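Comments concern the structure below.
The values are calculated or read from the model by the stated rules, or taken from the named source; none is laboratory data. Owing to the predicted nature of the structure, the values given are computational and were not obtained by experimental measurement. Cβ placement follows ideal geometry from the backbone for every residue including glycine, while neighbour counts extend to all protein chains displayed.
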Amino acid sequence: MRPMTEADLADILRAADAPLVIRGGGTRGIGRAMGEVLETGGLAGVRIYEPGALTLVAGAGTSVAEVEALLAAEGQRLPFEVPDRRGLLGRGGDSTLGGVVAANASGPRRVQAGACRDSLIGVRFVDGAGVVVKNGGRVMKNVTGLDLSKLMAGSHGTLGVLTEVSFKLLPIPEQAVTLRLAGLSDAQAVEAMAAALGSPFEVTGAAHGPGQGTFLRLEGFEKSVRYRVGQVSRHLARFGAVEEVADVWPDVRDVTPFHERAGDVWRLSLRPSTAADVVARAGAEAVLYDWGGGLVWLLTAPGLDLRARLGAIDGHATLIRSDSALPTFAPESPGVAALTKGLRAKFDPKGILNPGLMG
Amino acid sequence: MDMPLPDASVLARRDRILAQLAAVLPGDALISDPTETRAYECDALTAYRCPPMAAVLPRTTAEVAAVLRICHAERVPVVPRGSGTSLAGGALPTADCVILGIARMNGVIETDYADRFIHVQTGRTNLSVTGAVEHEGFCYAPDPSSQLACAIAGNIGMNSGGAHCLKYGVTTNNLLGVRIVTMTGDVLTIGGPWSDAPGLDLLGVICGSEGQLGVVTEAWLRILPKPEGARPVLMGFASNEVAGACVSDIIKGGLLPVAIEFMDRPCIQATEAFAKAGYPDCEALLIVEVEGSPTEIDDQLARIKAIAERHTPVAYRESRSEDESKRIWLGRKSAFGAMGQMGDYICLDGTIPVSELPFVLRRIGELADDYGLRVANVFHAGDGNMHPLILFNANRAGDLEKAEAMGADILRLCVDVGGCLTGEHGVGVEKRDLMHAQFKRDDMEAQLRVKDVFDPAWLLNPAKVFPLDVTAGRRAG
Ligand SMILES: Cc1cc2nc3c(=O)[nH]c(=O)nc-3n(C[C@H](O)[C@H](O)[C@H](O)COP(=O)(O)OP(=O)(O)OC[C@H]3O[C@@H](n4cnc5c(N)ncnc54)[C@H](O)[C@@H]3O)c2cc1C
């Protein structure tokens, strides 16, 4: 099914009585939702783009690539550096804005510019009973009523089908420089990244690949970037020499080192200072640290129950790619799980939106 | 503005309820003497007052949970309260309610500079959060003008903003996790010192929920390294239109100031008379502040000057020293005080798309003429969050109602041009009955469903945010 308007979509959902798999571009969905596919690609098109107000409103089916090109022509961009998951998940297709929001997909710049949910200023969606709902709007500051936009971000299509999304944008800086520290252990790397992120020099990327090096990014006007490169190098002198290297951020963002490699892929949200210890206990085949250690990607043997192996951690693990029957999302505490269940029952009373996903 | 009649059955059970509360709280934590409960009769929206049945001031999450369990069993409405600085009546009591004040829970539980967070009890004031980390060169970014008094609890309740939110975002963008007690007394931890929840983003809907979903007792807040320095520039323009166009061009120019503040002529004149900041005599004035090292600041200010010159400013003053910066901010910071000198005022808080600024300011001027009231505008122009101040005389019969009617017209105008009723102060009771202007029934119903899940008996702050006609069935049930 591929509705071309919000009204068509509402009709479909009102009539539906069997499970649906909600799909944008099909590039980043995770988990094992089962049912007839409902595609949102028909709900496309930029509705409002105001460069002078840094705001964009577009249909949820609008292609990310198309939007990024449109913004780039005005020297602007989505702040949160949209990851491309096709390589990691072995998919094709064209990513959509709605899919990005449903996954709250956020790249390395999150440490400074926030996640997708932080740039999201409004949504329209159709709930599982076919009711059209609008929340938020096109202005950056809005505390009118409950913030359902945030609730929709990262809900993986379980509360409603997004039809329109609005974002706050940022200018593309004049210059971006990537710095590398070599030879640090994971623990030292996390410490160095913390020192950089805790400095006033506005680091917009902090990643570490064991054996590859520890990478930092500085962005802004040229003079300012030059100044901060000097300051950060001095600030991190105790960790060794800092060298300028080529852009690595698309590879960090898309977890390129794991592409074409067999095994399960886990994504860990962690308290950064605990990351090296968690990784040491994980026994993974490959590791990539992003967000200063706040995000860790692990490649493990197929079917390994990483959650069982790690026990309690300061954070949680999501299974991004696997053929096993292990749950995709970490279990929630009973009280939180009850709220989740209650919300899903209210927004999807027939239980047809990506059932089986998210607990 | 209507409030529901107090529940007679609750009032009839007053003694029994108070006795149960007394049994779970230390002696000084329950206030029920009518002379003392008056201290809680209003928040900063002082036009509306009503003493609560009782106020409780717990010191632990366990005490909060015990109070909520009793109130739930006895069907007593509960109004959570931080410092009571809400401008929207968010913490306004009803005669049958218990005010749950969080002010005594003001401790710092943990600070971690490597992981860049602070874990606090939410009764802690906003400014003292920064106070706890600034010796290490850190700060908590959201900085409402009320930061000396307001509590993190209320900041989370209202999703409050501040002078620097153009760059650093509002409360929701700086909140990592909360401990929240539901109306049934269950203590839940949502989020923590890491990014993203494993499931739905409940934190996102809790922040800004105005005490509707639970009582927040602890919070994990993102702390940021303080910038090396900051400096403002002040510019005057011949018209609101030109100033608005300049704001737009600064944003399009790829600059990211921490603040872009706008004042119109009535506001400039009022603050000049009051604070004597030496502002130019002009139609509209902008204060733009940038951050960084001295070289970085110079570089940004040079770019801003080049943009401003295209709009032929009638005045242009760049701060070169701490002292000059203070003087430039002096007038802006005393704007509300200055208006207070001139009479009573109500302060609106609607947001509009930045491109609509000139039109909206013109319409506000016309409305002021129609109503025969004076209005001054001072606001965060970078994000379109307006603060029209409507002057009136509280001692003249009907004047408040007239000012409120005009305020409602302005807020409807904000919605009509694509904006919203409130950018940072919240809905409370003040804008409750205007919600129909912004939300269709289904849009509102979707929000009510979230409250149904968190607070099925509708006991938490039940007469706020949503129009009474919409919630009538739920509050009764
Ligand atoms: C002079 C002045 C200047 C101001 N400037 C700004 C500004 O620049 N930016 C801005 O955004 N606001 C501003 N405000 C408004 C106000 O200060 C903010 O809304 C503030 O966050 C309220 O905090 P509080 O602790 O006083 O909350 P309260 O007024 O006590 O409560 C606010 C709301 O939060 C709820 N609440 C309180 N505690 C809890 C809790 N523990 N759990 C759940 N809900 C709770 C209440 O029920 C209520 O709905 C200003 C107010 C004044 C008087």
Reported set for the range B:287-323 where residues are within 25 Å of B:N377 (Cβ to Cβ) and among the acidic types (D, E) is B:E289, B:E309, B:E318
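Does A:T256 satisfy being of a type in the set (S, T, Y) and crowded, with 17+ Cβ neighbours inside 10 Å? Write out each step before concluding.
Working: of a type in the set (S, T, Y): yes; crowded, with 17+ Cβ neighbours inside 10 Å: no.
No.
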What residue, among those in the range B:213-224 that are in a loop (DSSP other than H, G, I, E, B) and within 13 Å of the ligand (Cβ to nearest atom), is nearest to the other protein chains (Cβ to nearest Cβ)? B:L213
Do we have any residue at all in the range B:140-159 that's more than 12 Å from every other protein chain (Cβ to nearest Cβ), more than 10 Å from the ligand (Cβ to nearest atom) and at pLDDT 95 or above? yes
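Filter the range A:127-155 for residues that are among the polar types (S, T, N, Q) and at the interface with another protein chain (Cβ under 7 Å from one of its Cβ atoms); which is surrounded by the most Cβ atoms within 10 Å (Cβ to Cβ)?
Among those that are among the polar types (S, T, N, Q) and at the interface with another protein chain (Cβ under 7 Å from one of its Cβ atoms), it is A:T144.
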Take the residues in the range B:436-477 that are among the basic types (K, R) and over 22 Å from A:R344 (Cα atoms), then tell me which one is nearest to the other protein chains (Cβ to nearest Cβ). B:K464
Determine, yes or no, whether B:E210 is near the ligand (Cβ under 10 Å from one of its atoms), part of a loop (DSSP other than H, G, I, E, B), of a type in the set (D, E, K, R) and within 11 Å of another protein chain (Cβ to nearest Cβ). yes
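Looking at B:L203, B:L175, B:L234 in this structure, which one is more than 15 Å from the ligand (Cβ to nearest atom) and surrounded by 22 or more Cβ atoms within 10 Å (Cβ to Cβ)?
Values: B:L203 fails: more than 15 Å from the ligand (Cβ to nearest atom); B:L175 fails: more than 15 Å from the ligand (Cβ to nearest atom).
Matching residue, one of B:L203, B:L175, B:L234: B:L234.
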Flag if A:G154 is in a loop (DSSP other than H, G, I, E, B) and more than 17 Å from the chain's Cα centre (by Cα): no
Residues in the range B:73-102 that are near the ligand (Cβ under 6 Å from one of its atoms), away from every other protein chain (no Cβ under 14 Å) and assigned to a loop (DSSP other than H, G, I, E, B) total 6
Taking B:R396 and the conditions (1) away from chain A (no Cβ under 14 Å); (2) not small (G, A, S); (3) not in a loop (DSSP other than H, G, I, E, B), which numbered condition does it fall short on, given that it satisfies the others? (3)
Since B:W194 meets every condition but one in (1) buried (at least 24 other Cβ atoms within 10 Å of the Cβ); (2) hydrophobic (A, V, I, L, M, F, W, C); (3) in contact with a Gly (Cβ under 8 Å, 6 or more places away or on another chain); (4) more than 8 Å from chain A (Cβ to nearest Cβ), which condition does it not meet? (4)
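Only one residue in A:A189, A:A194 is in a helix (DSSP H, G or I), in contact (Cβ under 8 Å) with a residue 24 or more places away in the chain and more than 9 Å from chain B (Cβ to nearest Cβ). Which one? Please lay out each step first, then the result.
Details: A:A194 fails: more than 9 Å from chain B (Cβ to nearest Cβ).
Just a single option satisfies the conditions, and that option is A:A189.
Check every one of the helices (runs of 4 or more DSSP H) wholly within the range B:282-354 and list those with 2 or more residues that are in contact with a Pro (Cβ under 8 Å, 6 or more places away or on another chain) and more than 14 Å from chain A (Cβ to nearest Cβ).
Values: elements: B:294-309, B:322-333, B:335-342.
Passing ranges, in order: B:322-333.
May I ask you to verify whether B:A114 is within 12 Å of the ligand (Cβ to nearest atom), of a type in the set (A, V, I, L, M, F, W, C) and surrounded by fewer than 24 Cβ atoms within 10 Å (Cβ to Cβ)?
Values: within 12 Å of the ligand (Cβ to nearest atom): no; of a type in the set (A, V, I, L, M, F, W, C): yes; surrounded by fewer than 24 Cβ atoms within 10 Å (Cβ to Cβ): yes.
No: the conditions fail for B:A114.
Please go through the range B:44-58 and give me each residue that is surrounded by fewer than 18 Cβ atoms within 10 Å (Cβ to Cβ) and either of a type in the set (K, R) or away from the ligand (no atom under 12 Å from the Cβ) (or both), ordered by number. Give the derivation first.
Filtering the range B:44-58 down to residues surrounded by fewer than 18 Cβ atoms within 10 Å (Cβ to Cβ) leaves B:46-50.
The answer is B:A47, B:Y48, B:R49, B:C50.
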